[in-house]
Amino acid sequence: MGPVVWARAPSGMTALVTLVVLAAGCARPVAVARPGDGRAVDGGHQAIRAGDYCDSEGSPFASVPPLTPLPADAVLVSATRCLFQPQPVPGDGEWLVRIDQRATSGLDALAAALRLPSEQPVAGQPCLTIGYGPIVISVTDTAGREIHPEVPHAACGPPLTAATDAIAALPWTTVSTTRIRQTRSELEVSSGCDGWWKPMIPLSADRHGTRVVRLKATARALRVCRYDLDSDPTNVISMRDGTAYRVGKLVSASTTDAAAGGELLRAAASAPRATGTCTKPEAPFAVVHPVGDSGSGITIERGGCYRILLDGENSLRHLDAALVTRLVG
């Protein structure tokens, strides 16, 4: 199981997409998050528009300025670009920042690379269905023209390596760095917990599967990430029957000692299967992992019916309420 990866739109709506930052000189496939398994999954390499970085605020869906072939008579005097990167901010988590850069030398090699012809597809040559975001930089020539040059591409769509190498080789100088938006809170950074988590227990409640895993119930410290149900009505996972389950928002985190961790794991390993209908299908929950291991874990309701879901199983178990309150909180 895993986290929901969110990109929050300015209106407060939350889209189930990963924030993909395409820096000038890079082109990457897109991954999206889908409800049902708790993790970000590959989305079929969907194409997106990378945007005019200096105006896009890092949105992968911003409109791209017109890209044109570099004129044959253009003698370049400068190049500029904007990169969007996540950076840690001491005491304030992690922020997406805009880095404005400028280069005024090495431009002849750049111009030569930009004038290379794009390769044409070869008949019968298979190509992977990968969408490549456009690379956006600005160049200025001796005539004062500001141009967004089109980057030549290889036969199957990726930018020519010679062009991306020429862009990367420029002696870029950072002119300014600007914070755009917080991407991870200080609690997320300090705890190692994800900020949002899918409501995996109610999503799994109607599966009634039979797959069982063996839980290694040795004494060890556990990381406990606690989630409350988000009050934002747009932060939900909607089912086909119209039922909507609220997404968990990280509110606190702690680490158990080895003794308490072992007790919780033993209880989970021997927990009976949850039976009957739960009259409280939604409840705050915790996600528990062994410290230093972000792989298999346990999702535990901190209220309601005190059901648990072991990673790898397709049905729910039940824990004692008093034990959950004492060991999970």
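Scan the stretch 163-209 residue by residue and report those that are closer than 30 Å to ILE298 by Cβ and among the hydrophobic types (A, V, I, L, M, F, W, C). Once the filter is applied, which keeps residues that are closer than 30 Å to ILE298 by Cβ and among the hydrophobic types (A, V, I, L, M, F, W, C), the stretch 163-209 yields LEU187, VAL189, CYS193, TRP196, TRP197, MET200, ILE201, LEU203, ALA205.
Could you list, in sequence order, the residues of the stretch 90-119 that are β-branched (Val, Ile, Thr) and at pLDDT 95 or above?
First, pick out the residues of the stretch 90-119 that are β-branched (Val, Ile, Thr): 97, 99, 104.
Once the filter is applied, which keeps residues that are β-branched (Val, Ile, Thr) and at pLDDT 95 or above, the stretch 90-119 yields only THR104.
Tally the residues that are hydrophobic (A, V, I, L, M, F, W, C), surrounded by 16 or more Cβ atoms within 10 Å (Cβ to Cβ), touching a helix residue (DSSP H, G or I) at 6+ places or on another chain (Cβ under 9 Å) and part of a loop (DSSP other than H, G, I, E, B), restricting the search to the stretch 91-131. Residues that pass the stated criteria total 0. Considering only the stretch 260-329, give the strands (runs of 3 or more DSSP E) lying wholly within it that have at least 3 residues that are more than 20 Å from SER191 (Cα to Cα), free of Cβ contacts under 8 Å to residues at least 24 places away in the same chain and touching a Phe, Trp or Tyr at 6+ places or on another chain (Cβ under 6 Å). Those strands (runs of 3 or more DSSP E) do not exist here; none qualify. In the stretch 205-245, of all residues being modelled with pLDDT of 90 or more, out of contact with any Ser or Thr (no Cβ under 7 Å at 6 or more places or on another chain) and within 16 Å of HIS289 (Cβ to Cβ), the one that is surrounded by the fewest Cβ atoms within 10 Å (Cβ to Cβ) corresponds to ALA219. Quick check, is LEU250 modelled with pLDDT of 95 or more, under 23 Å from the mean Cα position of the chain (by Cα) and either acidic (Asp, Glu) or farther than 16 Å from ASP206 by Cα (or both)? Here the answer is yes, as LEU250 does meet what is asked.
Checking each residue in the stretch 184-204 for being part of a strand (DSSP E or B) and buried (at least 21 other Cβ atoms within 10 Å of the Cβ) picks out only TRP197. Filtering the stretch 53-68 to residues that are assigned to a helix (DSSP H, G or I) and under 21 Å from the mean Cα position of the chain (by Cα) leaves TYR53, SER56.
From ALA322, ALA286, ALA274, which residue is in the same structural domain as ASP194 (by TED's automatic domain parsing), loosely packed, with under 14 Cβ neighbours inside 10 Å and not charged (D, E, K, R)?
On the way: ALA286 fails: loosely packed, with under 14 Cβ neighbours inside 10 Å; ALA274 fails: loosely packed, with under 14 Cβ neighbours inside 10 Å.
Answer to the check: ALA322.
The values are calculated or read from the model by the stated rules, or taken from the named source; none is laboratory data. Predicted model, so just to flag it, every value in this text is computed and none were measured. As a convention, Cβ positions derive from the backbone with ideal geometry for all residues, glycine included, and neighbour counts pool all protein chains shown.
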